[in-house]
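Reviewing the structure listed below.
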Amino acid sequence: MERLIPALVASAAFMLAQRPDPPRPVPARDTLWTEDMTWMEVRDAVKAGKTTILIGTGGIEQNGPYMAGGKHNYVLATVLPYIARGIGNALVAPVVKFVPEGAIDPKPSGHMLYPGTISVEEGTFQALLTDICRSYKAHGFRDIVLIGDSGGNQAGMETVAAALNEKWKAEPTRVHYLREYYAEDAWSFEFLKSRGIVQIDKTPPAGEKPDRPTHTRNGIHDDIYYEALSAVQDPEHIRARERMKAGLFSLHGVELGSVKRTVELGRRIAEHRAGITVRAYRRSYEKLRGNPPAQDR
């Protein structure tokens, strides 16, 4: 058996090398999401120059009484296509939904104190993210962009990007960790304020302002930023129908008004965050490659 294994490995490698490369039998679907594409569509997109891939990390966690646990994933589903179009020649990977959310046992902590939350160890998260990056590199992607919608994801993404860039320094692929997506104008506080949307925390921590930028107010881990972006995917994620019926379609002192208005706000926020992220990507590209992206030259 020990003699057979090397032969099987060699045979598999030979078959892979000899794999046929047939043309697509039907036109390509118009989508940016690789999980919605056939392998032929991804292959042809890469050949056509779409060699940038966006990898977003979200999470499954508690988000107060109105917001579903997949909040970060819904936000990314809304924003990532805007970013991809802004960067150009980019596709979008499936959102990484399982991230560190707190200790699991023997005593749960962080978001794991609340039912429905799913957490993974930091090492598990980094290993998963590393293998996803390696997979896209193996298929010809040259610029891999890491974007995290949750604070607990940032350190792991930064570590993975640094490690892979060091490992691949003699190769053409680069990994761009864009902290600005999460940190610059966090929760789009200033953007919302410019539109007259000011959320108030009635019991702020000592020395803090009631209208400060934060992801938690009035004991609720929720924000109009998240609600508007999630509503673009489906207003049911924020329990819009039930809240309207109960007279609770508001958050932190701000009336959401209507579903249509909330969804439109979500689209405007997506444009704002995409602008921040595209600018950050251009800076990262120039830093890692020594010259600006082709469209900026």
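Every read-out reported here was derived from the displayed coordinates using simple, explicitly stated rules and does not represent laboratory data. Predicted model, so just to flag it, every value in this text is computed and none were measured. As a convention, Cβ positions derive from the backbone with ideal geometry for all residues, glycine included, and neighbour counts pool all protein chains shown.
The table that follows gives values for the structure above.
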{"item": "Any hit, the range 97-113, residues being closer than 29 Å to Thr38 by Cα and buried (at least 18 other Cβ atoms within 10 Å of the Cβ)", "result": "yes"}
{"item": "Tally of residues being over 30 Å from Ile104 (Cα atoms) and either among the aromatic types (Phe, Trp, Tyr) or without any contact (Cβ under 8 Å) to a residue 60 or more places away in the chain (or both) across the range 48-78", "result": "3"}
{"item": "Single condition Val46 does not satisfy, out of (1) assigned to a helix (DSSP H, G or I); (2) more than 19 Å from Asp143 (Cα to Cα); (3) in contact with a Gly (Cβ under 9 Å, 6 or more places away or on another chain)", "result": "(2)"}
{"item": "Residue list for the range 34-46, filter: of a type outside the set (Gly, Ala, Ser) and out of contact with any helix residue (DSSP H, G or I) (no Cβ under 8 Å at 6 or more places or on another chain)", "result": "Glu35, Asp36, Thr38, Trp39, Met40, Glu41, Arg43, Asp44, Val46"}
{"item": "Residue satisfying all of: in the range 35-89; over 26 Å from Pro25 (Cα atoms) and of a type in the set (D, E, K, R); surrounded by the most Cβ atoms within 10 Å (Cβ to Cβ) among these", "result": "Lys71"}
{"item": "Helices (runs of 4 or more DSSP H) fully within the range 122-193 counting 2 or more residues that are surrounded by 14 or more Cβ atoms within 10 Å (Cβ to Cβ) and without any contact (Cβ under 8 Å) to a residue 40 or more places away in the chain", "result": "122-138, 154-167"}
{"item": "Top-ranked residue in the range 229-255 [being within 26 Å of Leu80 (Cβ to Cβ) and touching a Lys or Arg at 6+ places or on another chain (Cβ under 8 Å); ranked as surrounded by the most Cβ atoms within 10 Å (Cβ to Cβ)]", "result": "Ser230"}
